[in-house]
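Read-outs throughout are calculated quantities, based only on the coordinates presented, and are distinct from any laboratory measurement. Only a predicted model underlies this, so the values are computations on that prediction, with no experimental measurement involved. Methodologically, a virtual Cβ is constructed for each residue, glycine included, from the backbone with ideal geometry; neighbour enumeration extends over all protein chains shown.
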Amino acid sequence: MAKQNTSALNENKGVSEPEITNTPLVNSIQEKRQKKIQNDALVASILNKDITALSRAITLVESKNPKHAKDAKTIIKSCLPHANKSIRIGITGVPGVGKSTFIEAFGSHLTAIGKRVAVLAIDPSSSITKGSILGDKTRMEALVKDKNAFIRPSASGEALGGVARKTRETIILCEAAGFDIIIIETVGVGQSETTVHSMVDFFLLLKLAGAGDELQGIKRGIIEMADAIAINKADGDNLKPAKLAKVEFNRALHLYPEKSSHWQPTVTLCSALNNEGIDTIWNVIQEYIEMTKTNGFFDIKRQEQNKYWLIQTIEAQLKSNFFNKTEIKKALKQQLELIERNETTPFAAADYLLNL
């Protein structure tokens, strides 16, 4: 009633009531409410297995725009309680080993038995142009049409280990969207695959027979991480060399110390092109998951991975905060010019910048 009297008084005096809807504070509150509604709606759609919503959320997560970072964090936090129910499989191998062909055959096998499969295909970025082809969807023509499959190509950018900058967060979103199997295809960069190993439950190494790397390719790092080795393209004239390679790899694997999981890595043959041996590899993965869940290693590994992700995230954030500071950008440019003129060393320049 008092408000009505005030309005009437102002009207009689010829003074309009102050407009409060356009103040910065009100606009900010309204914007936050609108953002919350949008984010809640997006999360609800993801939980409802909406692929379009999932793609939008992943785009937000991968965005380098600082404005998108807050929304991405909110969405991931909301999705987290619905995650961690999938089997995460990392697949790696040298270029030309047939990773995309194998993943299409493997993914199709899984969807045929009722699984929902998400493929996070990491495309190598050019060190010169910084661009990527992102052609995995064209290489997996059959799988991309499967309603129970989702393929998301991402550029590796400057990320180490052959994985995209936000692959870990993308896994959480895919799990919240109800995918049973998450497959991470890496660029095949050798021993840097530690990063991939830190985010998957099962690590599969694809190999070729007759490529001259049966023994040379047995580098301690990559082999120790592999839970299974699959020799691809084991068909036609290449079948006999593949069988010989299987024997060599089996001998080599027995020379390594026992894994913490107590799992003995196996070597199998397959032909992704002919769809042979794919079911055997899935059986091996199932045996591994059953064994590690029984002896408790599965949960321990997930916990260790979460700790590793924490440290990695802190390091990435510190790096980002450092290089995005205005004074650092200016000082960095000056120090680079001094280095070019041989007036300072990289080490002295680094100390100077860090002390800022």
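Quick notes on this one:
- The loop-placed chymotrypsin sites (Phe, Trp or Tyr not before Pro) in the stretch 322-356, going by DSSP, include none that has at most 16 neighbouring Cβ atoms within 10 Å of its Cβ.
- When SER28, SER108 are arranged by Cβ crowding within 10 Å, least crowded first, meaning fewest neighbours, the order is SER28, SER108.
- Percentage relative contact order, the stretch 36-77, counting C-alpha pairs under 8 Å, at least six apart: 38 percent
- Spin-label pair GLN303/PHE323, simplified geometry with 7 Å Cα→Cβ offset, distance in nm: 3.5 nm
- Shape call, the stretch 306-355: gyration tensor on alpha carbons, a/c limit 1.5: prolate
- Applying both filters, DSSP loop and at most 14 other Cβ atoms within 10 Å, to the GluC sites (Glu not before Pro) of the stretch 304-356 gives GLU343.
- For the pair THR52 and SER28, a Förster radius of 25 Å applied to the C-beta separation gives a FRET efficiency near 0.30, rounded to the nearest 0.05.
- Taken one residue at a time, the phi angles of the stretch 340-347 give Karplus couplings (6.51, -1.76, 1.60, θ = phi - 60°) of 5, 8, 6, 9, 7, 9, x, 6 Hz. Gly and Pro are set to x.
- Size of electric dipole in the stretch 306-355: Cβ of Lys, Arg +1 and of Asp, Glu -1, about Cα centre, debye, nearest 20: 240 debye
- Within the stretch 261-356, the trypsin sites (Lys or Arg not before Pro) that combine a DSSP coil assignment with at most 11 other C-beta atoms in a 10 angstrom radius are ARG341.
- Note on THR345 and ASN283: with the Förster distance fixed at 56 Å, the Cβ-Cβ geometry gives a FRET efficiency of about 0.45.
- With the simple spin-label model, which puts each label point 7 Å out from Cα in the Cβ direction, the GLU276 to ILE311 separation comes to 4.5 nm.
- ARG251, ARG168 arranged by Cβ crowding within 10 Å, fewest neighbours leading: ARG251, ARG168
- Computed over the stretch 219-356: relative contact order in percent, which uses C-alpha pairs under 8 Å that are six or more apart: 18 percent
- Each residue, SER260 and HIS68, gets one label point 7 Å from its Cα in the Cβ direction; the gap between the two is 3.5 nm.
- Leading residue at positive end of dipole, the stretch 66-111 (Cβ point charges), from ALA83, HIS68, GLY98: HIS68
- Amide H contacts of ALA121 (H built 1.01 Å from N, under 5 Å, at least 5 apart or other chain): ARG152, SER154, GLU185
- Sequence-distant residues sharing a close amide H with ALA234 (under 5 Å, placed H): CYS270, SER271, ALA272
- Amide proton proximity set for VAL267, modelled H, under 5 Å, gap of 5+: ILE229
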